[in-house]
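Below is one structure, written out as structure tokens; comments come after it.
The values are calculated or read from the model by the stated rules, or taken from the named source; none is laboratory data. Remember, it's a predicted structure, so these values are computed and weren't measured experimentally. Note that each Cβ is placed from the backbone with ideal geometry, even for glycine, and that neighbours are counted across all protein chains shown. We work out accessible area using only protein heavy atoms, side chains counted, and drop any ligands, DNA or RNA first. Shrake-Rupley method; radii C 1.70, N 1.55, O 1.52, S 1.80 Å.
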Amino acid sequence: MGWSLRARLFHWVTVIAITVQWIIGLSLLGGMAMAGNVWLTAHLSLGLVLLALTLLRLGSRIFDHAPRRARSPLAAVVATLGHAGLYALLLLVPLTGWLGYRPAPFMPPPLAFGLLPMPVLAGVEGVSSRTILGLHALLTWVLVALVALHGLAALFHAVVLRDGVLGGML
């Protein structure tokens, strides 16, 4: 037995959103990070979507429990820690990006999706925006690495173990 349709939709929409977000983020690092830039607005907007999507996913886990599978205690611990790490990063990466964003003085706040004013968060006292954005970048790369490991684990289950784990999410 696999995951529910709701869980699978949350999973694959998150995968697509992370991929798009990462591509936009890399392009912003390449010099496109002007305050009025449409890609920065898209990056901020998609970050809000990922944050909301992750909170909804966590809420839906009340109803969508992981399918029961026979596995070793070590595999169960590794899977639990891996998923906990993914969820933590899916919350921390958008939050640090939002905390670190500072528009130029006298600029209006960015408009999420070009429509809704996004509040600029107060930040953390004694910590510069640059430091928070550095943490955001670091956490993003940790998320990318953990997503890659997650994908490799799924392939390992499909190709080596042939236990149906990957099929449960397709």
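Would you confirm whether any residue within segment 121-133 is among the charged types (D, E, K, R) and either part of a helix (DSSP H, G or I) or at pLDDT 90 or above (or both)? Looking through segment 121-133, at least one residue is among the charged types (D, E, K, R) and either part of a helix (DSSP H, G or I) or at pLDDT 90 or above (or both). Test ALA148 against the criterion of being within 21 Å of ALA76 (Cα to Cα) and out of contact with any His (no Cβ under 9 Å at 6 or more places or on another chain), and give yes or no. Against the criterion (within 21 Å of ALA76 (Cα to Cα) and out of contact with any His (no Cβ under 9 Å at 6 or more places or on another chain)), ALA148 qualifies. Sub-9 Å Cβ pairs linking a first residue in segment 63-89 that is in contact (Cβ under 8 Å) with a residue 60 or more places away in the chain and over 17 Å from ILE18 (Cβ atoms) to a second residue that is among the β-branched types (Val, Ile, Thr) and open to solvent by 30 Å² or more (accessible area, probe 1.4 Å), at least 6 apart or interchain, are PRO67/VAL165; ARG69/VAL165, ordered by first then second residue. Given the criteria farther than 22 Å from LEU143 by Cβ and without any contact (Cβ under 8 Å) to a residue 40 or more places away in the chain, does PRO105 qualify? So PRO105 passes the test. Scanning segment 106-118 for residues that are open to solvent by 70 Å² or more (accessible area, probe 1.4 Å) and over 20 Å from the mean Cα position of the chain (by Cα) yields PHE106, MET107, PRO108, LEU111, LEU115, LEU116, PRO117.
Only a single item in (1) within 18 Å of the chain's Cα centre (by Cα); (2) at pLDDT below 90 is not met by GLY59, and it is number (2).
For first residues located in segment 45-60 and closer than 17 Å to LEU116 by Cβ, partners that are open to solvent by less than 30 Å² (accessible area, probe 1.4 Å) and of a type in the set (Ser, Thr, Tyr) and lie 6+ apart or on another chain with Cβ distances below 8 Å form the pairs LEU50/THR14; LEU53/THR14.
Applying the condition of being modelled with pLDDT of 85 or more and polar (S, T, N, Q) to segment 62-105 and asking which residue is surrounded by the most Cβ atoms within 10 Å (Cβ to Cβ) yields THR96. Evaluate the following for ARG57: is it open to solvent by 70 Å² or more (accessible area, probe 1.4 Å) and either under 16 Å from ALA153 (Cα atoms) or of a type in the set (Lys, Arg) (or both)? Criteria not met by ARG57. Considered as a group, the residues in segment 24-41 that are among the aliphatic types (A, V, I, L, M) and over 16 Å from HIS136 (Cβ atoms) include one that is modelled with the lowest pLDDT, and that residue is ALA35.
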